[in-house]
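The values are calculated or read from the model by the stated rules, or taken from the named source; none is laboratory data. Just so you know, these numbers come straight off a predicted model, no measurement behind them. In this analysis, Cβ positions are derived from the backbone assuming ideal geometry, glycine residues included, and neighbour counts consider all displayed protein chains. All accessible areas refer to the heavy atoms of the entire protein, side chains included, with ligands and DNA or RNA removed. Shrake-Rupley method; radii C 1.70, N 1.55, O 1.52, S 1.80 Å.
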Amino acid sequence: MTAATAPATRSLATTTPTDRFTRAFAAHLRSETRLILREAAALIFGAVLPLAAIIVMSAIPAAREPLADFGGLSVVRTYQPTILLFATSVLGLTIVPAILGGYRQGGILRRLRTTPASPATLLAALFVVVAAVGLVVAALIVAVPAIAGAGLPEHLGWFALAAVLSLVAFLALGTLLAAVVPSPQVAAGLGNVVAALMWFSAGLWLPRVFFPDWLVTLTDLTPGGAATQAMIDAAVGVQPSWQPFVVLVVWTAAAALVAVRTFRWE
């Protein structure tokens with residue numbers, strides 16, 4: 001062994017699994033960030049369209065005025081949770097399964113299993129990047145109406161908690177779709193169907209205030225309906241009940257458990 005190779009050998013010998021995971025995660029994080037920025041078209045529905053909708057609605061003075069038919073909320077405040085759910089559901093239910101399925105179909109996950117950079121670091125980096133995009137979009141959907149004069153949710157903390165839990169639930173459901181559906185195209189298509197159900201539950205086409213009681217009870221059991229109801233309660237200053245948060249946690253845990261047990265790298 002030469003004097004030049006001895007320090008490198010000692011360095012490898014002293015590198016811990018945690019160090020190797022951290023370095024691989026950082027490398028995948030930079031790579032995933034570049035890729036998602038390079039494929040910006042994928043973010044049109046999950047980021048650009050919701051932000052355009054909230055900006056246009058906030059710019060209309062009549063949309064910022066409270067309405068008795070909407071329970072005292074303005075149009076923009078009524079649709080704020082729905083638009084936020086639209087953004088997070090598209091990111092979690094369509095983009096994640098499409099990217100994961102593409103990696104598996106292209107053999108990227110299989111090849112990574114033979115290198116020190118495990119597929120787990122790639123998945124962790126992908127989740128962090130998509131979640132970061134979702135959090136930034138959600139924050140802007142809350143901030144834009146406030147800047148325009150429509151105000152902030154009365155209980156901002158509860159509103160934010162429901163938004164974050166819904167994003168995590170959709171990421172888990174998107175991973176579940178990637179796990180049980182081999183084709184990335186089919187997985188993304190099914191993600192669109194599930195997302196549409198979440199939008200309906202959130203009141204995209206008909207505000208939840210006009211739902212009959214049986215439909216409210218039914219949609220409250222979905223991530224879209226539960227998160228929206230918690231955000232609406234928080235917006236008007238009502239303490240959200242524990243039920244929506246339990247529903248979101250149960251959906252997240254169940255989807256993650258099935259995804260872990262059924263996910264195939266090849």
**OP:** Compute the distance in nm between two label points, each set 7 Å from the Cα along the Cα-to-Cβ direction, one at GLN185 and one at LEU156.
**Re:** 4.6
Original post:
Under a GNM of the chain (C-alpha, springs under 10 Å), which listed residue has the highest mean-square fluctuation: THR16, THR121, THR78?
Top reply: THR16
**OP:** Would you work out the relative contact order for the stretch 94-209, in percent, from Cα pairs under 8 angstrom that are 6 or more residues apart?
**Re:** 46
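What's the local net charge at ALA179, with K and R +1, D and E -1, over the other residues with C-beta under 9 Å away?
Numbers: positive: ARG261, ARG264; negative: none.
That sum, taken over residues with Cβ under 9 Å, equals +2.
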Subject >> Extension gain from ARG110 to ILE44, taking 0.36 nm per residue of separation minus the Cα-Cα distance >> reply: 20.8 nm
**OP:** Could you tell me how many degrees, from 0 to 90 and to the nearest 10, lie between the Cα long axis of helix 49-59 and the main elongation axis, the longest principal axis, of the Cα atoms of the chain?
**Re:** 30
Subject >> 3J(HN,Hα) from dihedral phi, the stretch 185-199, Karplus parametrisation 6.51/-1.76/1.60, rounded to Hz, x for glycine, proline >> reply: 5, 5, 4, 5, x, 5, x, 5, 5, 4, 4, 4, 5, 5, 5
Original post:
Got the relative contact order for the chain handy, in percent, Cα pairs under 8 Å and 6 or more residues apart?
Top reply: 25
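Determine by what factor the alpha-carbon radius of gyration of the stretch 90-224 differs from 2.2 N^0.38 Å, reporting the quotient. Please list the in-between numbers first.
Numbers: Rg = 17.5 Å, N = 135, 2.2 N^0.38 = 14.2 Å.
After normalising by residue count via 2.2 N^0.38 Å, the value is 1.23.
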Original post:
Roughly how tilted is helix 17-38, in degrees to the nearest 10 and between 0 and 90, from the longest Cα axis of the chain?
Top reply: 50
**OP:** Kindly report the accessible area of the chain per residue (heavy atoms of protein chains, probe 1.4 Å, no ligands, DNA or RNA), in Å².
**Re:** 49
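For ARG261 and ALA68, compute 0.36 nm times the residue count separating them, minus their Cα-Cα distance, and round to one decimal in nm. Please report the intermediate quantities before stating the final value.
On the way: separation 193, 0.36 × 193 = 69.48 nm, distance 4.88 nm.
Full extension from ARG261 to ALA68 adds 64.6 nm.
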Original post:
What's the long-distance tail for the chain, i.e. % of Cα pairs beyond 22 Å?
Top reply: 59
**OP:** Enumerate the calculated ³J(HN,Hα) couplings along the stretch 61-76 in order (Karplus 6.51 cos²θ - 1.76 cosθ + 1.60, θ = phi - 60°), each rounded to whole Hz, writing x wherever the residue is Gly or Pro.
**Re:** x, 5, 6, 9, 8, x, 10, 5, 5, 9, x, x, 8, 7, 4, 5
Subject >> Theoretical ellipticity at 222 nm over the chain - DSSP helices of four or more residues, -39500 (n - 2.57) apiece, nearest 500 >> reply: -23500 deg cm²/dmol
Original post:
Of PRO50, TRP205, ALA172, whose Cα points farthest to the positive end of the dipole of the chain (charges on the beta-carbon: +1 Lys, Arg; -1 Asp, Glu; origin at the Cα centre)?
Top reply: ALA172
